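Engineer: Got a structure for you, questions after.
The values are calculated or read from the model by the stated rules, or taken from the named source; none is laboratory data. Every value quoted in this text rests on a predicted model; they were computed, and no experiment measured them. Cβ: placed from backbone, ideal geometry, glycine included. Neighbour counts: every protein chain shown. Accessible surface is based on the protein model in full, side chains and every heavy atom, while ligands, DNA and RNA are left aside. Shrake-Rupley method; radii C 1.70, N 1.55, O 1.52, S 1.80 Å.
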Amino acid sequence: MSVIPLRVPGGVARAALPFRFGGRLRELSPDDRRALLERGTSGDEAVRTATAAIVARVRAEGDRALRALALEFDGVQLDSFEVPRAEWDAALAWLDADVRRALGRAVRNVRTAHAAFRPVATEVETEPGVVVGRRPDPLGRVGVYAPGGRAAYPSSLVMGVVPAKVAGVGEVIVCTPPGRDGRPSPVVLAAAALAEADRVFMLGGAGAVAAMAYGTESVPRVDRIVGPGNAYVAEAKVQCSGAVAIDSPAGPSELLVIADDTAHPDVVARELLAQAEHDPRAAVVCVAIGDAVADDVARSLLRLLPDVARRDVVEQAFAFAGGILVAHNAIEAIDFANMWAAEHLLLAVDEDGRDAMLAQLRNAGTIFVGEHASVAFGDYMTGANHVLPTGGLARSFSGLSTLDFVRWTTWQRVTPEAAAALAADVGRLADAEGLPNHAAAARQWGTP
């Protein structure tokens with residue numbers, strides 16, 4: 001373990017951890033504060049350049065480019081990209097019974113939650129005879145990206161496909177990378193069957209995003225692309241967003257834990273370890289209210305880290321964007337949390353103060369209230385969506401929901417009497433904007 005010395009004062013235990021950031025929030029240097037807040041991947045020139053080349057290649061060469069990319073990045077020779085439905089069904093039939101039961105439970109909970117969140121049509125009469133309405137219409141076709149690579153993510157497939165089906169999308173296609181054997185993960189295929197996807201393509205990375213955005217000979221063009229991925233997937237979604245809608249430009253996983261002296265240090269430590277194992281560029285930070293809390297969490301991490309699975313990935317994530325920071329009080333912790341805008345925000349604080357803290361937190365993909373509300377539960381089973389904004393974009397983006405799978409049709413009705421009542425004022429406003437033909441169109445309905 002290569003120790004990253006803390007650049008601000010901290011306890012001995014904290015100084016022994018491979019974290020990039022540490023110390024008191026109010027004493028952070030301007031450079032550290034900026035690095036904490038500006039953690040997106042969009043500023044990475046190498047990622048941006050490589051992604052642009054892949055997107056351009058897929059647009060120009062279609063399937064030929066996809067085959068070359070699969071050989072280059074996945075090490076497989078693909079003759080066709082679509083996975084036959086029979087292969088999904090076989091994967092589901094062979095799936096371990098307990099895993100199938102758990103996956104089915106996750107599908108049911110996600111379906112239940114998102115059905116409750118489904119938007120509805122609304123009409124309002126703004127004044128007598130003037131009615132404005134808005135109706136959610138399901139998209140025709142959407143693409144769901146289900147990551148692969150370091151691990152298979154059937155849960156991400158569920159989080160994308162199920163809300164789309166609940167919203168009534170006409171066709172839901174999935175892109176997921178092939179393994180070294182040239183086939184996608186069997187558990188991902190089983191999830192596609194349980195979630196009732198329509199088609200599955202064994203394609204990964206920026207090439208898969210470009211294929212769904214622009215279409216190829218084999219892959220149909222979609223109306224929206226959703227789903228998490230690595231920095232290249234996130235960048236491809238941004239670069240293709242002029243041609244297709246996206247959920248948010250999400251990148252590597254993030255967790256911010258606010259912990260006070262009622263928190264169990266081992267619980268906090270395990271939550272940090274869990275999110276760090278996703279990716280070497282994951283961002284995991286604990287804001288401890290008080291030095292003693294910070295030192296307790298650090299001691300737990302030091303004890304658990306030597307035996308943790310995927311330790312190499314965890315340590316890289318800690319060094320890349322991890323930290324234990326100390327807040328003077330809850331107000332300072334809340335202010336920082338709203339600036340940091342975490343993908344996942346866990347409140348490991350006293351039960352009596354949780355709801356008050358929750359009410360003051362505005363910028364987070366999902367807030368987990370109480371240490372029993374493990375982020376892992378939300379990742380898999382509660383029914384909430386785990387496809388969430390990262391890189392501080394929770395300031396303006398929300399987590400995936402049925403709202404991402406509809407577009408809104410607006411209408412308005414105006415009775416003859418209401419038209420006569422509107423005509424004069426609309427004419428005045430049109431004149432004020434220098435649009436005489438607008439004024440004439442309105443005044444034709446006025447009282448002679």
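Engineer: Once R0 is set to 25 Å, what does the formula 1/(1 + (r/R0)^6) return for the Cβ-Cβ distance between Thr262 and Glu27, expressed as a FRET efficiency to the nearest 0.05?
Structural biologist: FRET efficiency, Thr262 to Glu27: 0.50.
Engineer: For Arg135 and Ala15, compute 0.36 nm times the residue count separating them, minus their Cα-Cα distance, and round to one decimal in nm.
Structural biologist: Contour length minus the Cα-Cα distance gives 37.6 nm.
Engineer: Assuming a ≥ b ≥ c are the square roots of the Cα gyration tensor eigenvalues, decide whether region 68-124 counts as rounded (a/c under 1.5), prolate (otherwise, with a/b larger than b/c) or oblate.
Structural biologist: It is oblate, given that a/c is not under 1.5 and a/b is not larger than b/c.
Engineer: Given +1 on the Cβ of Lys and Arg, -1 on the Cβ of Asp and Glu, and no further charges, what dipole in debye does region 315-432 carry about its Cα centre, rounded to the nearest 20?
Structural biologist: That gives region 315-432 a dipole magnitude of about 540 debye.
Engineer: Distance between the C-alpha centers of region 299-337 and region 231-291? Whole Å please.
Structural biologist: Here the answer is 11 Å between Cα centres.
Engineer: In terms of modelled amide H atoms, which long-range or inter-chain residues lie less than 5 Å from the amide H of Ile246?
Structural biologist: Ile225
Engineer: Residue-wise, which Karplus ³J(HN,Hα) couplings in Hz belong to region 355-360, taking 6.51 cos²θ - 1.76 cosθ + 1.60, θ = phi - 60°, and x for glycine or proline?
Structural biologist: 5, 5, 5, 4, 5, 9
Engineer: On to the next question. With +1 assigned to the C-beta of every Lys and Arg and -1 to the C-beta of every Asp and Glu, and no other charges, what is the dipole magnitude of region 184-236 about the Cα centre in debye, to the nearest 20?
Structural biologist: Around 20 debye, computed over region 184-236.
Engineer: Continuing with the same structure: Run the simple label-point estimate for Ala46 and Ala424 please: 7 Å along Cα→C-beta, distance reported in nm.
Structural biologist: Between Ala46 and Ala424, the label points sit 7.0 nm apart.
Engineer: Using Cα pairs closer than 8 Å and at least 6 residues apart in sequence, work out the relative contact order for the chain, in percent.
Structural biologist: 20 percent
Engineer: Rounded to the nearest 5, what % of the DSSP beta bridges within the chain are antiparallel ones? Show your work: numbers first, answer last.
Structural biologist: Details: 15 of 53 bridges.
About 30 percent, rounded to the nearest 5.
Engineer: Report, by chain and number, residues whose modeled amide H sits under 5 Å from the one on Leu325, excluding near sequence neighbours (fewer than 5 apart, same chain).
Structural biologist: Cys286, Val287, Ala288
Engineer: Suppose each label sits 7 Å from its Cα in the direction of the beta carbon; what would the Ser80-Arg64 distance come out to in nanometres?
Structural biologist: 2.2 nm
Engineer: Whenever you get a sec, compute what percent of the accessible area on region 13-159 sits on carbon and sulfur atoms (1.4 Å probe).
Structural biologist: Roughly 52 percent, rounded to a whole number.
Engineer: Moving on. Using a 1.4 angstrom probe, figure out how much accessible area the chain has per residue, in square angstrom, rounded to the nearest whole.
Structural biologist: Each residue of the chain exposes 45 Å² on average to a 1.4 Å probe.
Engineer: While we're on this one: Based on the Cβ-Cβ distance of Ala441 and Arg362, what FRET efficiency does E = 1/(1 + (r/R0)^6) give at R0 = 51 Å, to the nearest 0.05?
Structural biologist: 0.75
Engineer: Taking a label point 7 Å from the Cα of Arg183 along the Cα→Cβ vector, which residues of region 62-90 have an amide N closer than 20 Å to it?
Structural biologist: Those under the cut-off are 70-71, 74-90.
Engineer: How large, in Å, is the chain by the Kirkwood hydrodynamic radius built from its alpha-carbon pairs?
Structural biologist: Its Kirkwood hydrodynamic radius stands at 24.0 Å.
Engineer: Describe numerically, in nm with one decimal, the distance between label points set 7 Å from Cα along Cα→Cβ at Met339 and at Arg221.
Structural biologist: 4.4 nm
Engineer: Ok, one more. If you fit an axis through the alpha-carbon atoms of helix 265-276 and take the longest principal axis of the Cα set of the chain, what angle between them do you get, 0 to 90°, nearest 10?
Structural biologist: Its long axis makes an angle of about 60 degrees.
Engineer: Using the Karplus curve 6.51 cos²θ - 1.76 cosθ + 1.60 with θ = phi - 60°, work out ³J(HN,Hα) for each residue of region 363-370 in order, rounded to whole Hz, and write x for Gly and Pro.
Structural biologist: 10, 7, x, 9, 9, 9, 8, x
Engineer: What residues have an amide H closer than 5 Å to that of Phe368, excluding those fewer than 5 places away on the same chain, when H is modeled at 1.01 Å from N in the peptide plane?
Structural biologist: Under 5 Å from the amide H of Phe368: Leu345, Leu346, Leu347.
Engineer: For the chain, what is the mean residue ellipticity at 222 nm derived from helices alone (per DSSP H run of n ≥ 4: -39500 (n - 2.57); sum divided by total residues; nearest 500 deg cm²/dmol)?
Structural biologist: -13500 deg cm²/dmol
Engineer: Could you give each residue of region 73-88 its phi-based ³J(HN,Hα) in whole Hz, using Karplus coefficients 6.51, -1.76, 1.60 with θ = phi - 60°, and x for Gly or Pro?
Structural biologist: 9, 9, x, 10, 9, 10, 8, 9, 9, 7, 8, x, 4, 4, 6, 4
Engineer: About its Cα centre, what dipole magnitude does the chain give when the only charges are +1 on Lys and Arg Cβ and -1 on Asp and Glu Cβ, stated in debye to the nearest 20?
Structural biologist: Magnitude of the dipole: close to 780 debye.
Engineer: Find the relative contact order for region 134-244 and round it to a whole percent, using C-alpha pairs within less than 8 Å whose residues are 6+ positions apart.
Structural biologist: RCO, region 134-244: 31 percent.
Engineer: If each residue of separation counts as 0.36 nm, what is the full-extension length gain between Ala376 and Ser398 once their alpha-carbon separation is subtracted?
Structural biologist: Value of the extension gain: 6.0 nm.
Engineer: Identify the trypsin sites (Lys or Arg not before Pro) of region 263-358 meeting these criteria: DSSP loop state and at most 16 other C-beta atoms within 10 Å of the C-beta. Provide the component values of the computation, followed by the final result.
Structural biologist: Numbers: sites: Arg270, Arg281, Arg299, Arg303, Arg310, Arg311, Arg354; in loops: Arg281, Arg310.
Sites meeting the loop and neighbour criteria: Arg310.
Engineer: Then there is this: Using a/c under 1.5 as the rounded threshold, could you call region 290-448 rounded, prolate or oblate? The axes a ≥ b ≥ c are square roots of the C-alpha gyration tensor eigenvalues, and prolate needs a/b larger than b/c, oblate otherwise.
Structural biologist: Values: a/c = 3.46, a/b = 3.01, b/c = 1.15.
Prolate, since a/c reaches 1.5 and a/b exceeds b/c.
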